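J.: My questions all concern the structure below.
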Amino acid sequence: MTAKHSGDIFRGLGGKLKKYREEAEMTQSQVAKFAGIHVNYYARMERGEENPTLEILHKLKKVLKIKSDLV
């Protein structure tokens, strides 16, 4: 996988996170707090700058009440 391809995946994930967060009418700070992560880390995920672990993705899925696959 190329670095560009990885960046596309992370940006796509970030866009999905932002969409679900907005649908849940939550702030980045609220999502981060309930997921037990730092707000800056969460914000970087939404911008596609972070590669979250599966554990973090599962926490976010629970907080945002995502029923389908996140990735």
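Read-outs: derived from the displayed coordinates by stated rules, not from any lab. All of these numbers come straight from a predicted model, not from anything done at the bench. All Cβ positions, even for glycine, are placed from backbone atoms using ideal geometry, and neighbour counts span all protein chains on display.
J.: I want to confirm something. Restricting to segment 24-40 and keeping residues that are assigned to a helix (DSSP H, G or I) and in contact (Cβ under 8 Å) with a residue 24 or more places away in the chain, which single residue is surrounded by the most Cβ atoms within 10 Å (Cβ to Cβ)?
T.: Selected residue: V31.
J.: A further question on this structure: Being surrounded by 14 or more Cβ atoms within 10 Å (Cβ to Cβ), aliphatic (A, V, I, L, M) and not in a helix (DSSP H, G or I) is the requirement here; does I56 meet it?
T.: Answer is no for this residue.
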